[in-house]
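Read through the structure below, which is laid out as C-alpha cells, and then see the notes.
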Amino acid sequence: MKRKTTLTQYLVEQQRKKQAVSAEVRLLIETVARACKAIGHAVGKGALGGVLGSLGTENVQGEVQKKLDVLSNEILLEANEWGGHLAAMASEEMETIYHIPNRYPKGEYLLLFDPLDGSSNIDVNVSIGTIFSVLRAPHHASGRDVDEKDFLQAGKEQVAAGYAVYGPQSMLVLTVGAGVVGFTLDREMGSWVLTHDNITIPEQTSEFAINMSNMRHWEAPVRRYIDECLAGKSGPLGKDYNMRWIASMVADVHRILSRGGIFMYPRDARPSGRAGKLRIMYEANPMSFIVEQAGGAATDGSRRILDIQPEALHQRVGVVLGSRAEVERVQRYHAEQA
Ligand code: AHG
Ligand code: MN
Ligand code: MN
Ligand code: MN
C-alpha cells in the first residue's frame, strides 16, 4: 500500500527539496493546521457543544459576533502565541494587533486570519471555514516591537496562505508559493492527508458566484458581465451560465479551485459597499495568492489585488477572482468604462 503523505511530510519535503519554507514557517503552518482541527471539531459538535448562536457583542467591522467567531479567534491565538515563530497576529475579530506576550520568545513572522469565515452560515449547518495569511515581520532583527503599520504589506509579500473549510469533509488548502495543495482531515488518525496535489483552476468557466440581491448597487462593468452571463447562448459570451452563491467565501473559493468559476464581491454604490465588503488582509489577499498559485487571477476591477498597498488593517476591497479568462474579461469591462 502506498504511504499517504501527511501535512508534516509535505512541509518537510518543501523545506528540504525546494527550500520553499523555513523551519519556522513549517512550525507556523502546522500550528495553524492544528488550531483548524480544533475549530473544525467545535464546528462539528454544533448545538451539542453549545457553540451556535450570537454573543451580543460587535466586532470592529460592525458585525454582531457569533460565539464561534470569538471561540475560533481564541483557539488561533492560544495555539500560536507560545511557539516562538511569530512577532504578532491580527484578526478580523480584533480591533488592533495582538502582541506575543513577553513570557514567550518572538519570531520573525506575522500571522493574519479570518478565524471563522461565513458566520451567517454557522447556525444553518452550511460549510464555513478559516482563512490565514503569513507575512515577514519587517525589522525583526532590530528587536523593535511590531506595530500595526508592519502588517500593511501588499499581498504579493505573503510567505504562505491557506484556508480550512469545515464541510462534509474538513479540508486544508495551502500555498507556500510553490503551487496549491489540498489536505483532507483523517478524523480517526487526526492528521491532514494530502489528497489534492497541484490544484489548478480551469481558464474558462460557465459558472459565476455573486450575491444577486445587490444588483441595483453594482457598477456598470459588473452589471454588463452578469447581464451577459444571464443572456446565455444567444448572448455575447455564447454559452449558458450557471450560478452558485454559498455566502461563505471559503466554500465558494473552494468550489472554484475544484471545478473553476468566477467569484465576485465587487465594490458597489452603497455607502457600506464603496470600498467593497471583503477585507484585504484576512480574505482578499490570502485567497488571491491561492487563486494565482492555482493559475487563476484576482482583481479589484482595475488592480491586481496582490499589488494593492493596504493603508489600514481592516481595509476592505472589491474582489473578482477565479478562472483567468473570465476575470480578465471583467477587468477589461472596467477599463473600457474608465
Ligand atoms: P465573515 O463571516 O468572515 O464576516 O465573512 C463573510 C463574507 C464572506 O464569507 C462571504 O463571501 C460574504 O461575506 C457573504 O456576504 P453576503 O451575506 O452579503 O452575501
Ligand atoms: Mn465577520
Ligand atoms: Mn470572512
Ligand atoms: Mn470571519
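What are the pairs with Cβ atoms under 6 angstrom where one residue, in the range 112-124, is over 12 Å from residue 76 (Cβ atoms) and the other, located anywhere, is among the basic types (Lys, Arg) and part of a strand (DSSP E or B)? Sequence gap at least six, or different chains.
119/66; 122/66
Please go through the range 90-115 and pick out each residue that is under 21 Å from residue 286 (Cα atoms) and either of a type in the set (D, E, K, R) or within 16 Å of ligand 1 (Cβ to nearest atom) (or both).
90, 91, 92, 93, 94, 95, 108, 112, 113, 114, 115
Please name all residue pairs, on different chains or six or more residues apart, with Cβ atoms under 6 Å, provided the first residue is in the range 48-73 and is on the phi > 0 side of the Ramachandran plot and the second residue is within 14 Å of ligand 4 (Cβ to nearest atom).
From the range 48-73, the pairs are 53/67.
When you go through (1) out of contact with any strand residue (DSSP E or B) (no Cβ under 6 Å at 6 or more places or on another chain); (2) buried (at least 17 other Cβ atoms within 10 Å of the Cβ) one by one for residue 233, which number turns out not to apply?
(2)
Restricting attention to the range 207-230, which residues are in contact with a helix residue (DSSP H, G or I) (Cβ under 8 Å, 6 or more places away or on another chain) and either under 15 Å from residue 328 (Cα atoms) or surrounded by 14 or more Cβ atoms within 10 Å (Cβ to Cβ) (or both)?
207, 208, 209, 210, 218, 219, 221, 222, 223, 224, 225, 226
Conditions tested, residue by residue: (1) more than 30 Å from residue 6 (Cα to Cα); (2) within 16 Å of ligand 1 (Cβ to nearest atom); (3) surrounded by fewer than 22 Cβ atoms within 10 Å (Cβ to Cβ); (4) modelled with pLDDT of 95 or more.
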position	(1), (2), (3), (4)
238	yes, no, yes, yes
258	no, no, yes, yes
275	yes, yes, yes, no
285	no, yes, no, yes
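So, of the residues in the range 1-34 that are among the basic types (Lys, Arg) and either in a loop (DSSP other than H, G, I, E, B) or in contact (Cβ under 8 Å) with a residue 60 or more places away in the chain (or both), which turns out to be surrounded by the fewest Cβ atoms within 10 Å (Cβ to Cβ)?
Filtering the range 1-34 down to residues among the basic types (Lys, Arg) leaves 2-4, 16-18, 26, 34.
Next, from what is left, pick out any that are either in a loop (DSSP other than H, G, I, E, B) or in contact (Cβ under 8 Å) with a residue 60 or more places away in the chain (or both): 2-4, 18.
Details: 2: 4, 3: 6, 4: 12, 18: 11.
The qualifying residue surrounded by the fewest Cβ atoms within 10 Å (Cβ to Cβ) is 2.
Looking only at residues that are in contact (Cβ under 8 Å) with a residue 24 or more places away in the chain and part of a loop (DSSP other than H, G, I, E, B) in the range 85-105, which one is farthest from ligand 3 (Cβ to nearest atom)?
Initial filter on the range 85-105 (in contact (Cβ under 8 Å) with a residue 24 or more places away in the chain): 85-97, 99.
Remaining after also requiring part of a loop (DSSP other than H, G, I, E, B): 85, 92-97.
Numbers: 85: 24, 92: 6, 93: 10, 94: 14, 95: 17, 96: 19, 97: 18 Å.
For the range 85-105, the residue satisfying everything is 85.
From the residues in the range 106-123 that are out of contact with any Ser or Thr (no Cβ under 8 Å at 6 or more places or on another chain) and part of a strand (DSSP E or B), which one is nearest to ligand 2 (Cβ to nearest atom)?
The selected residue is 110.
The values are calculated or read from the model by the stated rules, or taken from the named source; none is laboratory data. On a predicted model such as this, the values are computed, not experimentally measured, just so you know. Don't worry about glycine lacking a Cβ; one is built from the backbone with ideal geometry, like all the others, and counts go over all protein chains shown.
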